[in-house]
Every structure is written in C-alpha cells, then in structure tokens.
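The block underneath contains the structure these notes are about, expressed in structure tokens.
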Amino acid sequence: MEIITSKDNNKIKYLRSLNSKKGRNGDNVFVVEGIKFVNESITEKVDIKFVLISNNILEKPETNNLMEIFKKRGIDFFICEDAIFNSISETINSQGIIAVICKLEQKKQDILTDYKFIVLCDRIQDPGNLGTIIRTSDAFGSAAVILNKGCVDLYNSKVVRASAGSIFRVPFIIGDETKEILKYLKEFGYKIISTVVHSDYSFDNIDKSEKICVVIGNEGHGVSQEIRDSSDINITINMAGRAESLNASIAAGICIYEIRKKLL
C-alpha cells in the first residue's frame, strides 16, 4: 500500500487549502476529522470525496472496519505518514483520520415547506455557539437553521466539531440578506419570535402556531432592529438570578426547548 510521505503531495496541498472558507467554497466541500465523525458521515450516507488515514492507526480494529466499508462503497482512501497527517490536522489530539465531504444540496423552498420549526441565527460569530445551536436544533427537532450574512462560516472546522455530527442531519439556508429572509419567512407562514434581553413578553405569551421561526441574536449586539421590528413577538428569558444575560448557545437551547413545545 502506497503511503504519502511528502508535504508537497497534491492531496496534502488540497486538504490544506480547505482550511479556508474560500478553499471550501471553491470546491463545495468541507472537512471532518475523527473516527466518530467519519462513522457519522457513513451512517448518514453523505457524499465522501476521499479519506486520509494516518499510518499509526492502521492496526486499530475500527480503522480496518472503516477501510472495509470504504472498499465496499467505492470511497477512495489514502494512507499518510504521521508527521504529514499531523501537519494538516486541526485537532490537538488527532485521531488519525480525515474525510472530505461534499456539501449537501438543499432547496430553500423544500425546507420552508417541509419544516415547521426554524432557528434563525442572526450574525452568530462564535463557531462553538453556532455548532451548539445546530446540535440543539437536531436534538429538539426536527428543525431547520437559517444563517444570515454576518454569521461565521457553517463549515468552519470548529463549527463542524461543535455540531457533534448534527451538521449532517440539520437542513440549512445560508447567506441571504436579512430583508430576503424575512420576506420568505412571512410568505411561508412562519410566526417570527425574536429573543431579546428586555421585553414584557416571555414564553407564556406565545400562542401555539403551525410554523415558528425563533431568532437567536449576535453575541454582542443581540437581534438586529430590522428583525425585531418585523417579528410577531419579542420575548425574553425570565431569570431569577443576578446574571444579566446568557451565552448565545445556552439561550438558544432554552428557547428551542420551550418554543418547540408550542408546536406539539
């Protein structure tokens, strides 16, 4: 079996280019790293372009099982020296396997028609927050996620890791202007609920609705005034303690859980 031994190998150069948003967008792919994520990608039957494996994990039973699956499904995989693999790995304790995944093609109209619950992320910047919001949307779904312009890249490696595999299951609408997002949410009959720091309304004031979109605002500035003005209701999370606000992903988790019940 041929082993990649040079940092100048074309596969290594290509993987390195995918560390940037421009590189990922150029080839419409993203990267997942680790046994768990590769197994998730196989389970969810996503399109895997190829897999890179470090030679120090070749003797592990789970590696051999994966390679057998790759062979059966016709997925290309390549072996590489540990030092070469570590030079492109973005994790501190690498598990020795990286897969290049083709981005899922999802039609906006199908998502807006099929999903009754949507989470709109308004300029969420922290990758950990976005990944956790995606994971929570999956956990209390079924939910779709909209990212407007100003959000961190969905396929940033930290977002992918924080999603814990949910990125393969949650449908996304990405990168539209806020004005357009609000327009099609209204057209498809969504009640828009924005989460704000101060409001006279809370979860108790939300009526049961056929279709709901909950808005989670930017970490520093909250939900934009444009979205707040177009919302059906602006609510706040009532807190008994002394903290003035919550981390965006924690606030999202509470809101997703509470508002999801309005659809049941």
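A quick yes/no check of all residues on (1) assigned to a loop (DSSP other than H, G, I, E, B); (2) touching a residue at least 60 places away in the same chain (Cβ under 8 Å); (3) hydroxyl-bearing (Ser, Thr, Tyr):
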{"site": "Ser209", "(1), (2), (3)": "yes, no, yes"}
{"site": "Val214", "(1), (2), (3)": "no, yes, no"}
{"site": "Asn234", "(1), (2), (3)": "no, no, no"}
{"site": "Ile237", "(1), (2), (3)": "yes, no, no"}
{"site": "Leu246", "(1), (2), (3)": "yes, no, no"}
{"site": "Ile250", "(1), (2), (3)": "no, no, no"}
{"site": "Ile256", "(1), (2), (3)": "no, yes, no"}
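Just to be sure I understand, how many residues within region 58-96 are of a type in the set (Val, Ile, Thr) and touching an Asp or Glu at 6+ places or on another chain (Cβ under 7 Å)? Show your work before the answer.
Taking region 58-96 first, the residues of a type in the set (Val, Ile, Thr) are 63, 69, 75, 79, 84, 88, 91-92.
Then keep just the ones that are touching an Asp or Glu at 6+ places or on another chain (Cβ under 7 Å); that gives 91.
Count: 1.
Taken over region 161-171, the residue count meeting the criterion of being out of contact with any strand residue (DSSP E or B) (no Cβ under 6 Å at 6 or more places or on another chain) and open to solvent by less than 10 Å² (accessible area, probe 1.4 Å) is 4.
For region 65-99, enumerate the residues that are at positive phi and open to solvent by 70 Å² or more (accessible area, probe 1.4 Å). Spell out the reasoning first.
Initial filter on region 65-99 (at positive phi): 74, 96.
Those that are at positive phi and open to solvent by 70 Å² or more (accessible area, probe 1.4 Å): none in region 65-99.
Evaluating Glu244 against the criteria (1) modelled with pLDDT of 85 or more; (2) among the acidic types (Asp, Glu); (3) closer than 19 Å to Asn129 by Cβ leaves one unmet condition, (1). The single condition among (1) touching a Cys at 6+ places or on another chain (Cβ under 7 Å); (2) open to solvent by less than 20 Å² (accessible area, probe 1.4 Å) that Thr195 does not meet is (2). Of all residues in region 13-39, those that are touching a residue at least 60 places away in the same chain (Cβ under 8 Å) and either buried (at least 20 other Cβ atoms within 10 Å of the Cβ) or not in a helix (DSSP H, G or I) (or both) total 13. When Arg123 is tested against (1) among the charged types (D, E, K, R); (2) at positive phi; (3) open to solvent by less than 10 Å² (accessible area, probe 1.4 Å), only condition (3) is not met.
Here is a yes/no grid of residues against (1) in contact with a helix residue (DSSP H, G or I) (Cβ under 6 Å, 6 or more places away or on another chain); (2) modelled with pLDDT of 90 or more; (3) of a type in the set (A, V, I, L, M, F, W, C):
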| residue | (1), (2), (3) |
| --- | --- |
| Cys213 | yes, yes, yes |
| Asn218 | no, yes, no |
| Gly253 | yes, yes, no |
| Arg260 | no, no, no |
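Considering Ile212, Ile174, the condition of being farther than 14 Å from Ile133 by Cα, buried (at least 21 other Cβ atoms within 10 Å of the Cβ) and not acidic (Asp, Glu) is satisfied by Ile212 alone.
If the condition is being among the aliphatic types (A, V, I, L, M) and open to solvent by less than 20 Å² (accessible area, probe 1.4 Å), then region 146-160 contributes Ile146, Leu147, Leu154, Val159, Val160. Condition (residue is surrounded by 23 or more Cβ atoms within 10 Å (Cβ to Cβ) and in contact with a strand residue (DSSP E or B) (Cβ under 7 Å, 6 or more places away or on another chain)) applied to region 104-115: is it met by at least one residue? Within region 104-115, none of the residues are surrounded by 23 or more Cβ atoms within 10 Å (Cβ to Cβ) and in contact with a strand residue (DSSP E or B) (Cβ under 7 Å, 6 or more places away or on another chain). Give region 177-192 a look and list any residue that's under 20 Å from the mean Cα position of the chain (by Cα), surrounded by fewer than 21 Cβ atoms within 10 Å (Cβ to Cβ) and assigned to a helix (DSSP H, G or I), or say none. Result: Thr178, single match. Among the criteria (1) in contact with a Pro (Cβ under 6 Å, 6 or more places away or on another chain); (2) under 24 Å from Ser20 (Cβ atoms); (3) of a type outside the set (Gly, Ala, Ser), the one Gln95 does not fulfil is (1).
For region 86-145, the set of residues classified as in a strand (DSSP E or B) and within 21 Å of Leu263 (Cβ to Cβ) consists of Phe117, Ile118, Val119, Leu120, Cys121, Ala144, Val145, listed by residue number.
Within region 215-257, if we keep just the residues that are acidic (Asp, Glu) and over 20 Å from Gly189 (Cα atoms), the residue that is least open to solvent (accessible area, probe 1.4 Å) turns out to be Glu219.
Test Ala143 against the criterion of being surrounded by fewer than 19 Cβ atoms within 10 Å (Cβ to Cβ), within 21 Å of Glu40 (Cβ to Cβ) and not polar (S, T, N, Q), and give yes or no. No.
The values are calculated or read from the model by the stated rules, or taken from the named source; none is laboratory data. Keep in mind it's a predicted model, so treat the numbers as computed, not measured. So basically every Cβ, Gly included, is an ideal-geometry build from the backbone, and we count neighbours across all protein chains shown. When the accessible area is computed, the model is the full protein with side chains, heavy atoms only, and any ligands, DNA or RNA have been set aside. Shrake-Rupley method; radii C 1.70, N 1.55, O 1.52, S 1.80 Å.
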